[in-house]
Each structure stands twice: as structure tokens, then as C-alpha cells.
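Here is the structure we will look at.
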Amino acid sequence: MMTARVTRRGFVLGSAAGLSALSLAGRHAFAAAPTKVGFVYVGPVGDFGWTHGHDVARQAIEAKFGDKVETSFVENVSEGPDSERVIRKLASSGTDLIFTTSFGFMNPTLRVAKLFPKVKFEHATGYQTAPNVSVYNARFHQGRAICGTIAGHMSKSGVIGYIGSFPIPEVVSGINATALWARKIRPDAKVKVIWVNSWYDPGKESDGTKALIDQGADIICQHTDSPAPIQTAEARGVHGFGQASDMKAYAPNAQLTSILDEWSGYYIQRTQDVMDKSWQTQSIWWGLKEGMVAMAPYGPAVSDAVRKAADTVQAGLTDGSLHTFAGPIKNQAGEVKVAAGESMSDGDMAGMDWYVEGVEA
Amino acid sequence: MIETTALVLLTVISAATPLLFAAMGELVVEKSGVLNLGIEGMMLAGAVAAFAVTVSYDSAILGVLAGALAGAALAFVFGVLTLTLAANQVATGLALTIFGVGLTALIGASYVGVPVQPLPKLDVPGLSDLPLIGSLLFGHDALVYLSIAATLGVAWFLKHSRAGMILRAVGESDISAHSIGYDVISVRYRAVLFGGAMSGLGGAFLSLSSTPMWVEGMTAGRGWIALALVVFASWRPGRVLLGAYLFGGVTILQLYAQGAGGIGIPAQVMSMLPYLATILVLTVIAAGPWKGRLDAPACLGKPFRPST
């Protein structure tokens with residue numbers, strides 16, 4: 001069990017410290033060579049959100065396999081040319097399995113994968129596979145549907161505030177799921193979106209939240225990675241949802257629940273596959289059913305009646321009797337996009353680039 | 001309407017205060033002829049120290065002091081390297097930022113996910129309840145008032161105090177100042193330490209007031225904005241104050257504008273505005289009728305080695 005912590009800047013500057021940490025890890029010899037698993041993170045492991053979630057799963061791999069694995073990670077890797085260098089470095093240093101955990105790592109991952117056909121790659125939230133590149137994603141929109149249901153029940157003003165990062169399909173589908181399910185409970189509900197153009201800027205996330213609350217929102221959702229929005233909701237006495245991990249430490253009263261990213265099961269399985277030499281490329285989109293998406297315990301503000309309503313939705317989405325994007329669904333202009341009795345296909349959900357009725361973005 | 005305006009302005013104050021602290025500190029540093037690009041690192045040091053001490057000793061005052069000290073400590077490292085050892089200021093400053101990001105992530109690792117009591121608001125009974133003016137002038141935490149007081153203090157110091165004039169002399173012509181008997185290195189050390197303490201206070205404001213939490217890299221580039229601000233303000237305290245509120249204001253206004261259904265300008269363009277404004281100001285000052293009045297300290301960024 002051994003961890004090398006390297007920062008992006010270490011690579012950028014070619015700093016000896018960063019590289020020697022990796023090579024030290026490489027020199028550490030075991031009787032049976034351990035399987036090396038590398039991770040490329042877009043944010044810091046201390047973000048208490050998205051990257052934190054992946055790092056918890058990395059630690060789960062170590063806990064599970066002990067001396068049989070060696071994990072390493074590079075944090076704060078910006079999406080773009082930098083990431084390609086980082087991924088190539090990991091691949092060339094004898095790593096067997098590399099997880100690249102952000103959408104923007106897709107093309108760099110594919111390019112490096114071509115050069116290292118023996119190394120296995122796992123890219124999160126993308127859509128392009130290769131013989132040695134798998135794609136995995138979680139059906140977060142299922143969690144959003146549950147949040148939307150709770151929001152529909154609990155909003156007094158009917159205005160749900162949403163801190164957005166970037167208008168990519170992943171984020172758009174989350175906004176749509178929230179609006180769609182809130183309006184099933186409260187047909188006049190609106191989802192007001194403020195884009196902060198960053199995955200991670202606590203100050204701006206907090207300022208955006210203040211703006212939403214000042215403009216009437218009394219439920220705050222976020223698709224950014226820091227606990228700032230829910231904390232601001234707590235300070236202002238409104239409610240909201242955490243993101244990617246249980247954020248109740250920051251908002252004991254305000255947090256209604258939080259969508260949890262549970263990568264551990266998948267990461268352990270894929271590491272096992274590499275050890276067994278049975279790894280094959282695949283594209284999976286797991287949700288509540290497989291446990292990749294889970295919900296944090298309800299906060300104290302959620303009444304029994306609302307808990308019951310949320311539990312019913314969760315059970316339905318888990319057993320497949322409910323679908324997040326089941327028709328009829330209208331877009332902002334009021335045109336029917338999904339007819340009654342139909343559900344959106346995985347492909348359509350993954351490429352969603354329009355807003356449902358009730359979204360102000 | 002008045003209500004909304006007050007709310008927007010309140011958010012602007014919290015966005016502008018950390019910028020004001022850091023930029024005002026850097027202004028003094030640059031006036032003494034030293035360019036410290038390590039603001040981001042010093043702000044982070046201030047943020048993590050203020051947070052850790054406040055949580056550990058349950059005292060906001062100690063926390064704020066620790067924030068200022070931590071910023072100054074990092075600045076001292078910069079001082080030893082660039083002033084005593086005459087290393088390149090640009091490279092050292094950049095290294096300081098990178099070092100600060102890593103060091104604070106390491107120190108702060110155990111404080112992620114820990115809640116903290118935000119800085120207390122100084123409510124004045126009766127006055128805080130006045131419409132508009134009440135909430136704008138009263139009921140902030142002490143750091144907001146301190147940032148304004150520091151601005152006035154720096155302005156007075158640079159313009160009217162003897163020590164301030166010596167500092168400016170050192171920044172304009174280190175050799176002349178040295179030859180008439182002023183200790184250039186000592187003056188610059190004090191300026192650099194002051195700048196570090198101010199950056200630390202800006203960081204403390206972030207981790208104790210505007211977003212009371214510690215997460216890695218939480219300054220998210222504010223140190224660089226502060227750096228641009230000093231240039232934008234052409235090294236004048238009053239303009240730094242104006243610029244901090246302008247930069248903070250544009251950021252906040254674009255967020256409110258989005259929430260209000262948009263104003264037809266993409267959010268990305270709005271986010272660019274402060275930087276466009278900086279470039280515009282630089283161009284106008286450099287090429288316009290005020291030609292040559294950019295007022296950059298003549299010795300900015302040049303190492304000084306006293307010859308005998």
C-alpha cells in the first residue's frame with residue numbers, strides 16, 4: 001500500500017520533487033508486482049466535493065487490496081494540454097489502470113491510450129470508448145429527481161435556485177431533472193440558474209447563492225464542487241442540497257439531503273478485473289440501482305410526508321418503474337419534446353442541450 | 001427596489017474586501033520598488049492560519065491576527081530571498097504562490113469539512129435597522145471597516161508622512177535614497193512584511209467571513225486580480241479602493257443579472273469586463289493625453305545591492 005501525491009505544478013515545472021515521488025513509488029519492489037492504479041483529478045482532493053469523492057474510492061481500493069495495489073494520484077490537473085502530459089507520464093511510469101475523472105480529460109485520455117495499448121484507461125462522464133478505454137458515469141439525474149421532488153414540496157416561494165458550473169449536457173440534465181420533478185408537485189415552480197463559469201470557486205459560488213436568495217429562491221441546488229452554496233443557504237436561513245458528499249457539517253439545518261457519488265464499488269471491481277486479466281472495454285451508466293448514486297440521510301427540516309414522497313420516487317427510480325425523463329416533457333418554448341408514454345433514451349439524456357419548461361437559464 | 005439595491009451592495013462589499021486588503025498591501029510593496037507576485041500564496045496562508053487558529057482556540061481575534069502573521073511570515077521568506085539574497089523578484093514571487101498553494105493544502109488537510117463560527121457582525125442597535133443606509137454602513141464584521149481604515153491609513157502614510165515619502169523615494173530611486181543615508185533594504189523589508197500581513201488579512205476575510213470554511217485553493221485567483229488592480233489603479237490608494245469595489249461589483253452584478261433573467265450579455269463576457277477594463281486603462285494611460293503618467297515606481301522589480 002503506497003501513495004504518491006503529485007501536483008500538476010510539479011509536472012508543469014518539471015519539479016524534481018514531483019517526479020521523484022513517482023519514481024520512488026516505482027522502485028518500491030514487492031515479491032509479486034502490485035497492480036498500479038493511477039488517478040487524474042481535476043480539483044484538489046480537499047474540495048469536499050467531486051474530487052474528494054473519487055479520492056475516497058481510491059482509498060477504498062487500497063483498503064480492499066492492501067499490498068496488492070499501489071495507487072497514485074495527480075490533483076488539480078486542468079482540462080487541456082496539461083492533462084495529456086500528466087496522463088502520459090502516469091502511463092509511461094508503469095501504471096496498469098488509469099482513472100481520468102473529468103469530462104474534459106476525454107480527448108487527452110484517448111490520445112494517450114493510443115500510445116499505450118497495454119495500459120487500461122477509465123474515463124469518467126465521457127462518451128467515447130476505445131479498445132483500452134472504458135467510459136463510466138453515474139445517473140446523477142436520478143438523484144436530482146429526488147431533490148426536485150423534495151424542493152417541490154418544500155419551496156414556499158416556488159423559486160428554486162441553481163448554481164451552475166458550465167452548460168454541458170451533464171449539468172443541463174441535472175437542472176432539467178430538478179425542474180421536471182419539482183413541477184410534478186408544484187406546477188408553477190421555477191428553477192433559476194446562475195452560472196459561475198467554474199467548477200470550483202467558493203467565493204463566487206457563495207456570491208451567486210446570495211444573488212439567488214435575494215431574488216426569491218428558498219431552495220438552493222448546486223452543480224459546483226465546494227460546500228459554499230449550501231453553507232450560504234444555512235447562513236441565510238433557507239434550505240438546499242449538498243453536492244457529491246454529505247455536507248451536513250456545513251449546513252446542519254439547511255441540508256435536506258445530498259446526492260452522493262459512490263465510486264468505490266466500480267473502482268474496486270475494475271481493479272479486480274485488471275488483476276484477473278479480464279478487463280474489457282465497456283461503457284456503463286450506473287445509478288441508484290447499482291449503488292453508484294446514493295442519497296445522504298434527510299435533514300431535520302424534511303417532514304415525514306416529504307420523506308415518504310421522496311422515498312417513493314427513489315424506490316421507483318431504483319426498481320425501474322419510474323424514469324427520470326418520462327414524457328410528457330415540454331421545452332422552454334412549450335413544445336412537446338418527449339411524448340406521453342415515452343422516455344428519453346440514454347443517448348438523448350447524455351447529449352441534452354435544451355431546457356425543460358420552468359427553467360430560467 | 002431599494003431593498004434589492006442594498007442586498008446587491010452588501011454582496012459587493014464582501015466580494016471587494018479581500019481584493020482591497022491584498023491590493024492595498026501590494027500597493028505599498030510596489031511603491032517601495034518591490035514586485036511580489038506571491039499574493040495568492042500569502043492570501044492562502046492567511047486563510048488557513050486564520051481558520052485553524054479560530055477553530056482551535058475559539059477566538060476570532062486570535063484567528064485574524066494569525067492570518068496576518070502567516071501572510072507576513074511567507075512575505076518574510078520572499079524578503080530574505082529577494083532583498084537579502086537579491087534573487088529575481090518575479091521568479092521568487094511565482095514560486096511563493098506555488099509554495100503557498102501546496103503548503104496550505106498540507107496544513108489545511110485536517111480542517112476540510114470542519115465548521116467555523118463566522119466573524120461576528122458589529123451591529124449598532126437602532127442604526128443597523130435604518131433603511132438602505134443602515135444595512136450598508138453598519139452591521140459588517142470588523143475586517144470590512146479595517147479594510148477601509150487601512151486604505152485611508154495607506155493614503156495618508158504615502159502622501160503626508162515622512163516615512164511614506166522615504167518609502168516612495170526608495171521605490172523611485174534606490175541609489176539616491178541609499179546615498180543620502182536611507183536604509184533601502186530595511187525600508188523594503190518593512191513594506192514587504194506589511195504587504196504580506198495585508199494579503200493574510202484578505203485571506204482571513206475569505207475563510208472567516210465571506211465563505212466561513214477552509215477548502216484548498218479557496219482564493220481561486222483573487223491574488224492575481226489584486227495584482228491587476230494595483231496596475232489598474234496606477235499605484236494610487238483611492239483608485240485601488242474604487243477598483244476593488246468596481247471589480248467586485250462587476251462580478252456580483254453579472255451574477256444578479258443572470259438571476260434576473262439575463263440582460264442579453266453572455267455571462268462569460270461579463271466575467272471578462274474587469275480585465276478588459278484593466279487593459280483599457282493601461283492603454284489609455286500609456287497612449288492618451290496623460291502619456292507617461294502611469295506612475296509606476298521607477299525601481300519596480302529591480303534588485304538593489306548596496307555598493308559599499
Looking at segment B:180-220, which of its residues are of a type in the set (Ser, Thr, Tyr), crowded, with 24+ Cβ neighbours inside 10 Å and in a helix (DSSP H, G or I)?
B:SER199, B:SER207, B:SER210
Residues located in segment A:68-92, provided they are surrounded by fewer than 20 Cβ atoms within 10 Å (Cβ to Cβ) and touching a Lys or Arg at 6+ places or on another chain (Cβ under 8 Å)
A:SER78, A:ASP82, A:GLU84
I'd like to know if segment B:38-60 contains one or more residues that are acidic (Asp, Glu), part of a helix (DSSP H, G or I) and more than 12 Å from the chain's Cα centre (by Cα).
no
When (1) surrounded by fewer than 22 Cβ atoms within 10 Å (Cβ to Cβ); (2) modelled with pLDDT of 85 or more are applied to B:ALA226, the one that fails is (1)
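So that you can scan it fast, the table gives a plain yes or no per residue for (1) within 18 Å of the chain's Cα centre (by Cα); (2) within 30 Å of B:VAL215 (Cα to Cα); (3) free of Cβ contacts under 8 Å to residues at least 60 places away in the same chain; (4) not in a loop (DSSP other than H, G, I, E, B):
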{"position": "A:ALA233", "(1), (2), (3), (4)": "no, yes, yes, yes"}
{"position": "A:PRO252", "(1), (2), (3), (4)": "no, yes, yes, no"}
{"position": "A:THR257", "(1), (2), (3), (4)": "yes, yes, no, yes"}
{"position": "A:VAL302", "(1), (2), (3), (4)": "no, yes, no, no"}
What is the residue count in segment A:173-228 for residues that are charged (D, E, K, R) and either in contact with an Asp or Glu (Cβ under 8 Å, 6 or more places away or on another chain) or more than 13 Å from every other protein chain (Cβ to nearest Cβ) (or both)?
8
Step by step: first the residues of segment A:235-249, then only those that are within 12 Å of chain B (Cβ to nearest Cβ), out of contact with any His (no Cβ under 7 Å at 6 or more places or on another chain) and in contact (Cβ under 8 Å) with a residue 24 or more places away in the chain, then the one that is surrounded by the most Cβ atoms within 10 Å (Cβ to Cβ). Which residue is that?
A:GLY242
Can you spot a residue in segment A:36-50 that is in contact with a Gly (Cβ under 8 Å, 6 or more places away or on another chain), in a strand (DSSP E or B), more than 14 Å from every other protein chain (Cβ to nearest Cβ) and at pLDDT 95 or above?
yes
Take B:ALA73 and tell me if it is touching a residue at least 24 places away in the same chain (Cβ under 8 Å), at positive phi, surrounded by fewer than 23 Cβ atoms within 10 Å (Cβ to Cβ) and away from chain A (no Cβ under 14 Å).
no
Selected residue (only one of B:ILE252, B:ILE225, B:ILE265 is within 15 Å of the chain's Cα centre (by Cα) and closer than 28 Å to A:ARG236 by Cβ):
B:ILE225
Checking the conditions here, which among B:LEU253, B:LEU276 is in contact (Cβ under 8 Å) with a residue 40 or more places away in the chain and more than 23 Å from B:VAL154 (Cα to Cα)?
B:LEU253
Give just the number: which of (1) touching a residue at least 24 places away in the same chain (Cβ under 8 Å); (2) within 28 Å of A:SER198 (Cβ to Cβ) does A:LEU110 not satisfy?
(1)
Scanning for something under 16 Å from the mean Cα position of the chain (by Cα), farther than 30 Å from B:SER176 by Cβ and assigned to a helix (DSSP H, G or I), does segment B:77-94 turn up at least one residue?
no
Restrict the check to segment A:94-104 and report whether at least one residue is surrounded by fewer than 21 Cβ atoms within 10 Å (Cβ to Cβ), assigned to a loop (DSSP other than H, G, I, E, B) and touching a residue at least 12 places away in the same chain (Cβ under 8 Å).
yes
Among the residues that make up segment A:289-297, is at least one of them out of contact with any Ser or Thr (no Cβ under 8 Å at 6 or more places or on another chain), closer than 25 Å to A:ASP246 by Cα and either in a helix (DSSP H, G or I) or of a type in the set (Lys, Arg) (or both)?
no
Residue list for segment A:215-234, restricted to those being crowded, with 21+ Cβ neighbours inside 10 Å and among the small types (Gly, Ala, Ser)
A:ALA217, A:SER226, A:ALA228, A:ALA233
Every residue in segment B:78-97 that is more than 11 Å from chain A (Cβ to nearest Cβ), in contact (Cβ under 8 Å) with a residue 60 or more places away in the chain and either closer than 28 Å to B:VAL53 by Cβ or not small (Gly, Ala, Ser) (or both), please.
B:PHE78, B:GLY79, B:THR82, B:LEU83, B:THR84, B:ASN88, B:GLN89, B:VAL90, B:LEU96
Having 1 or more residues that are outside the structural domain of A:PHE103 (by TED's automatic domain parsing) and in contact with a His (Cβ under 8 Å, 6 or more places away or on another chain) is the bar; report the helices (runs of 4 or more DSSP H) wholly within segment A:137-217 that clear it.
A:140-154, A:169-185
If the requirement is being surrounded by fewer than 20 Cβ atoms within 10 Å (Cβ to Cβ), in a helix (DSSP H, G or I), touching a Phe, Trp or Tyr at 6+ places or on another chain (Cβ under 9 Å) and more than 9 Å from every other protein chain (Cβ to nearest Cβ), which of these qualifies: B:THR278, B:THR283?
B:THR278
Looking at this structure, is B:LEU208 more than 21 Å from B:LEU7 (Cβ to Cβ), away from chain A (no Cβ under 11 Å) and touching a Pro at 6+ places or on another chain (Cβ under 9 Å)?
yes
Filtered residues of segment B:98-126 (kept if in a loop (DSSP other than H, G, I, E, B), within 21 Å of the chain's Cα centre (by Cα) and more than 11 Å from every other protein chain (Cβ to nearest Cβ)):
B:LEU119
Of the listed residues (A:LYS308, A:LYS337, A:LYS330, A:LYS277), the one being part of a loop (DSSP other than H, G, I, E, B) and either within 17 Å of A:THR178 (Cα to Cα) or not acidic (Asp, Glu) (or both) is A:LYS277
What tally of residues in segment A:259-274 results from selecting those that are in a strand (DSSP E or B) and over 13 Å from the mean Cα position of the chain (by Cα)?
0
Being more than 10 Å from every other protein chain (Cβ to nearest Cβ) and surrounded by fewer than 24 Cβ atoms within 10 Å (Cβ to Cβ) is the filter here, so list the residues in segment A:151-165 that pass it.
A:HIS153, A:MET154, A:SER155, A:LYS156, A:SER157, A:GLY158, A:SER165
Restricting the first residue to segment B:164-175 and requiring it to be touching a residue at least 24 places away in the same chain (Cβ under 8 Å) and acidic (Asp, Glu), which pairs with a second residue that is assigned to a helix (DSSP H, G or I) and buried (at least 17 other Cβ atoms within 10 Å of the Cβ) meet a Cβ separation below 6 Å and a spacing of at least six or different chains?
B:ASP174/B:VAL184
Quick check on B:GLY248: is it buried (at least 18 other Cβ atoms within 10 Å of the Cβ), at pLDDT below 85 and within 13 Å of chain A (Cβ to nearest Cβ)?
no
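The values are calculated or read from the model by the stated rules, or taken from the named source; none is laboratory data. Everything quoted here is computed from the prediction, not taken from an experiment. Note: ideal-geometry Cβ built from the backbone for every residue, glycine included; neighbour counts use all protein chains shown.
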